[in-house]
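Below is one structure, written out as structure tokens, with a few remarks after it.
The values are calculated or read from the model by the stated rules, or taken from the named source; none is laboratory data. Source: prediction; values computed, not measured. Because the Cβ atoms are built from the backbone with ideal geometry, glycine has one as well, and the counts that use them run over all protein chains shown.
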4 protein chains.
Amino acid sequence: MPQPSQPIRPIRVTVWGENVHEHRDESVRAIYPDGMHTTIAEGIAEHLGDGAVVRTATLDQPEHGLTEQVLAETDVLTWWGHAAHEAVSDEVVARVRARVLAGMGLLVLHSAHFSKIFIDLMGSTCSLGWRNDADRELVWTVAPGHPITAGVPSPIDIPEQEMYSEYFDIPAPEELVFISSFTGGEVFRSGCTFRRGNGRIFYFSPGDQEYPVYHHPHVRRVLANAVGWAAPGPAIDAPTVANRPRGWFEG
Amino acid sequence: MPQPSQPIRPIRVTVWGENVHEHRDESVRAIYPDGMHTTIAEGIAEHLGDGAVVRTATLDQPEHGLTEQVLAETDVLTWWGHAAHEAVSDEVVARVRARVLAGMGLLVLHSAHFSKIFIDLMGSTCSLGWRNDADRELVWTVAPGHPITAGVPSPIDIPEQEMYSEYFDIPAPEELVFISSFTGGEVFRSGCTFRRGNGRIFYFSPGDQEYPVYHHPHVRRVLANAVGWAAPGPAIDAPTVANRPRGWFEG
Amino acid sequence: MPQPSQPIRPIRVTVWGENVHEHRDESVRAIYPDGMHTTIAEGIAEHLGDGAVVRTATLDQPEHGLTEQVLAETDVLTWWGHAAHEAVSDEVVARVRARVLAGMGLLVLHSAHFSKIFIDLMGSTCSLGWRNDADRELVWTVAPGHPITAGVPSPIDIPEQEMYSEYFDIPAPEELVFISSFTGGEVFRSGCTFRRGNGRIFYFSPGDQEYPVYHHPHVRRVLANAVGWAAPGPAIDAPTVANRPRGWFEG
Amino acid sequence: MPQPSQPIRPIRVTVWGENVHEHRDESVRAIYPDGMHTTIAEGIAEHLGDGAVVRTATLDQPEHGLTEQVLAETDVLTWWGHAAHEAVSDEVVARVRARVLAGMGLLVLHSAHFSKIFIDLMGSTCSLGWRNDADRELVWTVAPGHPITAGVPSPIDIPEQEMYSEYFDIPAPEELVFISSFTGGEVFRSGCTFRRGNGRIFYFSPGDQEYPVYHHPHVRRVLANAVGWAAPGPAIDAPTVANRPRGWFEG
């Protein structure tokens, strides 16, 4: 929709991937030969075109590829992790958190519900029910008109996925965008927005390593939409404490 | 902020004004010689430039200037009324309501908290406390980063205004954007967003007819921002009931 | 949970039933020989015991059984309607609405999503998708700890029910308590709370006339819990407009 | 209001106080000769009577008085801290957090907005504006009917208080209960509810050590009400992750 003002530079996206299963599990490598992060990055770039500059970073890089410099040049970070949450250094987590509070957008994907950064930002256990049994997942829009839903059908039909079910222990989302159902009858709040400090956060659950979910055209469209939604304005700083003399706001 | 896709045509805005005080009260005419609606329209046009086409409509016109045709060509409607809420025909109110549910944005201004259209969309009494005694109003941002707040200071300082105070009987706003305080110590939730059907609604309380509030540069900026926020996407239709055979969503 | 103070008298509940299908459709009469309203009333009384006094009222009674006197003596009203929404007089709807705004609790059941009173209080179309094909409905708790969920399992398993699906066009619920899934894979926000004026409103979708849903023990428990949740405190009055001189709140 | 079921034992409250200013500053000792925690505890006990058993704990005690045993016997914990947030051990903070997620209620008071436990549970900076200049604080109810507001006027008039102002960097509250204004014209969201895991959290800002705020009868009533609101049900456990075979919920 029209907006009064638009930044002129592309959104700088960093796609972070744990990149462990891809090396360990042939089944995953078969689906994501260049790593899940590469596929996710391609999905975003495919939709945003010149509107975004997308790079990747992985756990095995120095500082997990998330140096101060990289984060300073990142408008939106996407995060996928599963097997190695504990291997992420607390220092990098604190750095990412500080950057989110200062305005960087964050997309938390699938099993990253249990990442250190998500738990830190939510304050809850982020626990849920799950089953890896190739359930069909149907992703229903409950916030039509939300920019994250632009151009995708309701439901998005994902033939095979890991099942995630309620109770999903998160703070009540500011906006509930998607609800999923699964073959077994379970439901899950699969698309949720939050804000922390000046940063926008979107949790999106489709995307297990065992299924080609990030090749799904509608899932890719959601990721790209969410990058657009989460991108900060030009100013980017964390809220700070301030001592205010009476009348401080007057000319 | 960047968005994946942008419509190419300007936002079509209709500024509706009751236009009664301007004819009846010399004090109001002195502030708004061409009518409050004209000043509001100018404030929006001033900020949105080529991004908007702004026209006005008033109570005294046939069908209050809000024919089916006019509404069909309106993306965002702004509504100011005070002395003549009851003179607005139920038919026009129903027409505006239908159009909001189909996606038209609506800005409800100041004393229009008691307009038929606002009460219809809220479902509550929309009552409040008030005092016309030239209180200073300070409008504080409580949702920094919200597009409606772009480019305005916190607080916005309005030297003289009618006082509006809690309890303001509205449904809990989806987003609370502004809270105001007044000389007498009262507070008011002065900027609130809601959605009904596919339409976005913004209530903004500054703007009494006895004070030059719509000449205030920051108030004008808020109005323009809110027009941008409330503008619908290209598709515009009300949600409808649908009988769904099993598997209806499959290819 | 413990509360600082408790009223000593029982909650006065009025169960309103349209009572049309029961006379027209043998299939419905077989399930609800004394009317759906009787079964609903029994379900509430069974759980609240001495804590409630439950009576019924139906469409065919004078003033639909909802005289000023009856409403003045009602703390919580439950509403089931389907075939005859239009037969409910606007005067009675306005009376119920006024009473809700003054603090009376309201439970809106199943097909009453399209009742005049619910649409009036929500301000949206309240439309949804549906299918009458004996889908199994699973009702999942997404707000554990909410008093409405006390004592019921997640999911509640309803063997056969009419299917209701998203998009359900309601304002964003203040609290989302239940989400349902259906055999066909659809999902629905089946338990939602709202407040209007001083009244608490709970929408609960299980309960089609063609299935014995109001005989289901967990559904009955939810209804009883919701009556407890929606009951007003001792004082009961609608918010009103008030002119406030400066310092009005001082001793 | 009536509830379907009530626990029969009193609420077990632990009032935690940093207890540093009381030893260091004569001005504080003059107001709170037995410590702020003692006055807070008395205020709660005064209103809840037999409905609560109230004890206190302080920073200088072993494990800050918050052993596993004490927390296991605590239904609601209140937290006041200011000068020594960093002196609270991370181990105790983790223990309190775990207990909140398992269902213990938490009242976070005034300057404890910057406590480790509040920041951990919120995930944001929790920063704000402030001024210690004996501003008058007026605390306005914006959620009439909420149990936390029972029996207190709107506004609550606090003659002298530290000023706290927006932007208060917290996640959007689930319920906004109070908004305060100050002599200098600032506003603050002074009463906010949140849930994390199974625990209910209430932040309430009145209560600086330099002013006799916890002797104020209406402030004491709010604290007692909030204890009642935050008390958990009988079952108390944190949500956990669970592997769910298909059909796990069936008989």
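Observations on the model:
- Any hit, the stretch C:95-118, residues being without any contact (Cβ under 8 Å) to a residue 24 or more places away in the chain and of a type in the set (A, V, I, L, M, F, W, C): no
- Residue in the stretch C:223-246 that is touching a Phe, Trp or Tyr at 6+ places or on another chain (Cβ under 9 Å), over 25 Å from residue D:145 (Cβ atoms) and either aromatic (Phe, Trp, Tyr) or away from chain B (no Cβ under 14 Å) (or both) present: no
- Boolean, residue C:214 is touching a strand residue (DSSP E or B) at 6+ places or on another chain (Cβ under 6 Å), buried (at least 20 other Cβ atoms within 10 Å of the Cβ) and not in a loop (DSSP other than H, G, I, E, B): no
Residue by residue, here is whether (1) under 21 Å from residue A:231 (Cβ atoms); (2) away from every other protein chain (no Cβ under 14 Å) holds:
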position	(1), (2)
A:21	no, yes
A:34	no, yes
A:37	yes, yes
A:48	yes, no
A:59	no, yes
A:62	no, yes
A:69	yes, yes
A:79	yes, yes
A:85	no, no
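- Top-ranked residue of the stretch A:167-178 - restricted to ones that are crowded, with 22+ Cβ neighbours inside 10 Å and more than 8 Å from chain D (Cβ to nearest Cβ), ranked as farthest from the chain's Cα centre (by Cα): A:168
- Hits in the stretch B:165-194 (condition: in contact (Cβ under 8 Å) with a residue 60 or more places away in the chain and within 17 Å of residue D:155 (Cβ to Cβ)): B:188
- So residue B:47, is it at pLDDT 95 or above, under 17 Å from the mean Cα position of the chain (by Cα) and closer than 17 Å to residue B:206 by Cα: no
- Among the residues making up the stretch B:115-140, those that are of a type in the set (Phe, Trp, Tyr) and facing another protein chain (nearest Cβ under 8 Å) are B:130, B:140.
- The single condition from (1) among the small types (Gly, Ala, Ser); (2) free of Cβ contacts under 8 Å to residues at least 24 places away in the same chain; (3) in contact with a Gly (Cβ under 9 Å, 6 or more places away or on another chain) that residue D:199 fails is (2).
- Condition check for residue B:102: within 14 Å of another protein chain (Cβ to nearest Cβ), in contact with a helix residue (DSSP H, G or I) (Cβ under 9 Å, 6 or more places away or on another chain) and crowded, with 16+ Cβ neighbours inside 10 Å: no
- For the stretch A:10-39, filtering for residues that are in a loop (DSSP other than H, G, I, E, B) and either within 19 Å of the chain's Cα centre (by Cα) or under 21 Å from residue A:201 (Cα atoms) (or both) leaves 6.
- Sole exception among (1) within 14 Å of another protein chain (Cβ to nearest Cβ); (2) surrounded by fewer than 21 Cβ atoms within 10 Å (Cβ to Cβ) for residue C:55, by number: (1)
- Which listed residue is more than 30 Å from residue A:87 (Cα to Cα) and surrounded by fewer than 24 Cβ atoms within 10 Å (Cβ to Cβ), from A:151, A:185, A:129: A:151
- Among the residues making up the stretch B:1-36, a single one is modelled with pLDDT of 95 or more, surrounded by fewer than 18 Cβ atoms within 10 Å (Cβ to Cβ) and within 30 Å of residue B:145 (Cβ to Cβ): B:10.
- Filter pass, residue B:112 being under 17 Å from the mean Cα position of the chain (by Cα) and either surrounded by fewer than 20 Cβ atoms within 10 Å (Cβ to Cβ) or closer than 20 Å to residue C:240 by Cβ (or both): yes
- Flag if residue B:220 is outside any loop (DSSP other than H, G, I, E, B) and either within 14 Å of chain C (Cβ to nearest Cβ) or among the small types (Gly, Ala, Ser) (or both): no
- Residues that are of a type outside the set (D, E, K, R), part of a helix (DSSP H, G or I) and touching a residue at least 60 places away in the same chain (Cβ under 8 Å), drawn from the stretch A:40-84: A:40, A:43, A:44, A:47, A:48, A:51
- Of the residues D:191, D:145, D:185, D:197, the single one that is away from chain A (no Cβ under 14 Å) and at positive phi is D:145.
- The stretch D:173-186: number of residues that are hydrophobic (A, V, I, L, M, F, W, C) and within 22 Å of residue A:196 (Cβ to Cβ): 3
- Residues located in the stretch C:123-157, provided they are more than 23 Å from residue D:244 (Cβ to Cβ) and in contact with a strand residue (DSSP E or B) (Cβ under 7 Å, 6 or more places away or on another chain): C:123, C:124, C:128, C:129, C:130, C:131, C:132, C:133, C:134, C:148
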